[in-house]
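The values are calculated or read from the model by the stated rules, or taken from the named source; none is laboratory data. In this text, all values refer to a predicted model and were calculated from it rather than measured experimentally. Neighbour counts run over all protein chains shown; Cβ positions are idealised from the backbone, glycine included. Just so you know, the surface numbers come from the protein's heavy atoms only, side chains and all, with ligands and any DNA or RNA stripped out. Shrake-Rupley method; radii C 1.70, N 1.55, O 1.52, S 1.80 Å.
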Amino acid sequence: SIQFTELIISNGPSATYSVRRDCGLAEAKVRISASGLALPLSFSWSASGANGNTAYLPAGNYQVTVNNAIQCRPLVLEVLVDEVTRSSASLQVSAPVCPGDSSGTIRLEPPGSGDLTLLPLPNFIPDVLTGLPTGEYQLIVRDSTGCEVFRQVSVPPAGPVSIEIAGAQRVRLGDETLLAPASGPDQNFVAYNWTLPNSSATQNFSLSLQPTTDGIYRLTAVTDRGCTATDSILLNVYRAAPRLYLPTAFSPNDDAVNDVFAPGVGPEIEAVTKWEIFDRWGNLRWALRGENWWDGKDAAPGVYVYYLEALLIDGSTVALSGQV
């Protein structure tokens, strides 16, 4: 006869364990992952009431014996279930630096206390979510114990940044006016850029102007945080009677009082371009050459007629006539 014998050589089973504690529960789920020959495997726990490869246990130290079908070399596995740790982590929300940008953050404090993920994103990242505009966000917070909770968080808007141009909006031709920025409190502007109607630009804090035409003046200001604010003003230049004054009499007697017939001009007068003096019979007695005014020394006392033209700073001309 022939006798067949099966010889099984076993080093015994191998096993690891994992502990997961659901949020708010005192007991943790302990799961044994085991492998080996001579299946099935059996599990014997030191904790009463526990059986199989999964048990729900409070904090403590436990042993589980993992055995195979032939009871060969059983494995005694030491299992530790930690005490419940209450996380002291909190969410810290920061608004964007400047209005309209995406620099808001949601941060888990203290650092290293857990992970975050925005919904519906599946992946957790450590500690902080960045690049967020103002708005409402839904996220999951997972602390160091594996506890996951849902949170809805609002990222507030950035503080307002505004600038205003202070100055008159109407100015008489020839007059000067000042445009300067006026900002609210707690706004530290560090740079100013003006755009003028003729498209030129200047980086002065304020503008001292003698405008000749209507135009829009724009100001862009930058804070120390890199935020920008803008404002504009429409400046209207109105024209009144030109400030061009001529005396009605003069006395060329070299007493240093009213010795010449000279005009008084306002700031809107660029230059006197033509000036002629006639006697009562229409004869030309004097004409402007350069800026030498009429001294009258070659004329007899009497009444004379004049005609004068002047160029204004806006390029237009005016004419004036009268008697002296």
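Contact list please: Cβ distance under 8 Å, first residue in the range 134-145 and under 14 Å from VAL93 (Cβ atoms), second residue in a loop (DSSP other than H, G, I, E, B) and open to solvent by less than 40 Å² (accessible area, probe 1.4 Å), pairs at least six apart or on different chains.
THR134/ALA95; THR134/PRO96; THR134/ALA158; VAL141/ALA89
Taking the range 240-275 on its own, how many of its residues are among the β-branched types (Val, Ile, Thr), surrounded by 11 or more Cβ atoms within 10 Å (Cβ to Cβ) and free of Cβ contacts under 8 Å to residues at least 40 places away in the same chain? Working first, answer last.
Residues of the range 240-275 among the β-branched types (Val, Ile, Thr): 248, 257, 260, 265, 269, 272-273.
Those left that are additionally surrounded by 11 or more Cβ atoms within 10 Å (Cβ to Cβ): 260, 265, 269, 272-273.
Then drop every residue that is not free of Cβ contacts under 8 Å to residues at least 40 places away in the same chain, which leaves 260, 272.
Residues flagged as among the β-branched types (Val, Ile, Thr), surrounded by 11 or more Cβ atoms within 10 Å (Cβ to Cβ) and free of Cβ contacts under 8 Å to residues at least 40 places away in the same chain within the range 240-275 amount to 2.
Residues in the range 171-179: is at least one polar (S, T, N, Q) and surrounded by 17 or more Cβ atoms within 10 Å (Cβ to Cβ)?
yes
Condition (residue is more than 30 Å from ALA310 (Cα to Cα), part of a strand (DSSP E or B) and either at pLDDT 90 or above or not acidic (Asp, Glu) (or both)) applied to the range 240-254: is it met by at least one residue?
As a first pass, look at the range 240-254 and keep what is more than 30 Å from ALA310 (Cα to Cα): none.
The answer is no, given that none of the residues of the range 240-254 is more than 30 Å from ALA310 (Cα to Cα), part of a strand (DSSP E or B) and either at pLDDT 90 or above or not acidic (Asp, Glu) (or both).
So which residues in the range 86-130 are in a strand (DSSP E or B) and charged (D, E, K, R)?
Selection gives ARG107, GLU109, ASP115.
Yes/no per residue for (1) in contact with a Pro (Cβ under 6 Å, 6 or more places away or on another chain); (2) closer than 30 Å to GLY12 by Cβ:
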{"position": "SER46", "(1), (2)": "no, yes"}
{"position": "PRO58", "(1), (2)": "no, yes"}
{"position": "ARG73", "(1), (2)": "no, yes"}
{"position": "ALA95", "(1), (2)": "yes, no"}
{"position": "GLY114", "(1), (2)": "no, no"}
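Cβ-Cβ distance below 6 Å, separation of 6 or more or different chains: which pairs start in the range 291-305 with a residue that is closer than 13 Å to ASN258 by Cα and open to solvent by less than 60 Å² (accessible area, probe 1.4 Å) and end on one that is part of a loop (DSSP other than H, G, I, E, B) and modelled with pLDDT of 90 or more?
GLY296/PRO252
Given VAL30, VAL64, which one is under 26 Å from PHE150 (Cα atoms) and of a type in the set (A, V, I, L, M)?
None of the other options fit; the residue is VAL30.
Under 7 Å between Cβ atoms, at least 6 apart or on separate chains: pull out the pairs that start in the range 200-228 with a residue that is more than 22 Å from CYS98 (Cα to Cα) and end on any residue that is among the acidic types (Asp, Glu) and open to solvent by 80 Å² or more (accessible area, probe 1.4 Å).
Here the result reads SER208/GLU176; LEU209/GLU176; GLN210/GLU176, each pair linking the range 200-228 to a residue that is among the acidic types (Asp, Glu) and open to solvent by 80 Å² or more (accessible area, probe 1.4 Å).
Is there a residue in the range 110-128 that is farther than 30 Å from GLY226 by Cα, open to solvent by 40 Å² or more (accessible area, probe 1.4 Å), among the hydroxyl-bearing types (Ser, Thr, Tyr) and more than 25 Å from the chain's Cα centre (by Cα)?
Looking for residues that are farther than 30 Å from GLY226 by Cα, open to solvent by 40 Å² or more (accessible area, probe 1.4 Å), among the hydroxyl-bearing types (Ser, Thr, Tyr) and more than 25 Å from the chain's Cα centre (by Cα), one finds none in the range 110-128, hence no.
ARG73 passes all but one of (1) in contact (Cβ under 8 Å) with a residue 24 or more places away in the chain; (2) closer than 30 Å to LEU116 by Cβ; (3) open to solvent by 50 Å² or more (accessible area, probe 1.4 Å); (4) of a type outside the set (A, V, I, L, M, F, W, C); which number fails?
So ARG73 meets the others, but not (2).
Considering only residues that are closer than 25 Å to ILE269 by Cα, open to solvent by 40 Å² or more (accessible area, probe 1.4 Å) and in a strand (DSSP E or B), which ones fall in the range 185-239?
Those that are closer than 25 Å to ILE269 by Cα, open to solvent by 40 Å² or more (accessible area, probe 1.4 Å) and in a strand (DSSP E or B): SER208, ILE216, LEU234, ASN236, TYR238.
Report yes if ARG107 is in contact (Cβ under 8 Å) with a residue 60 or more places away in the chain, out of contact with any Pro (no Cβ under 7 Å at 6 or more places or on another chain) and among the charged types (D, E, K, R), otherwise no.
It is false that ARG107 is in contact (Cβ under 8 Å) with a residue 60 or more places away in the chain, out of contact with any Pro (no Cβ under 7 Å at 6 or more places or on another chain) and among the charged types (D, E, K, R).
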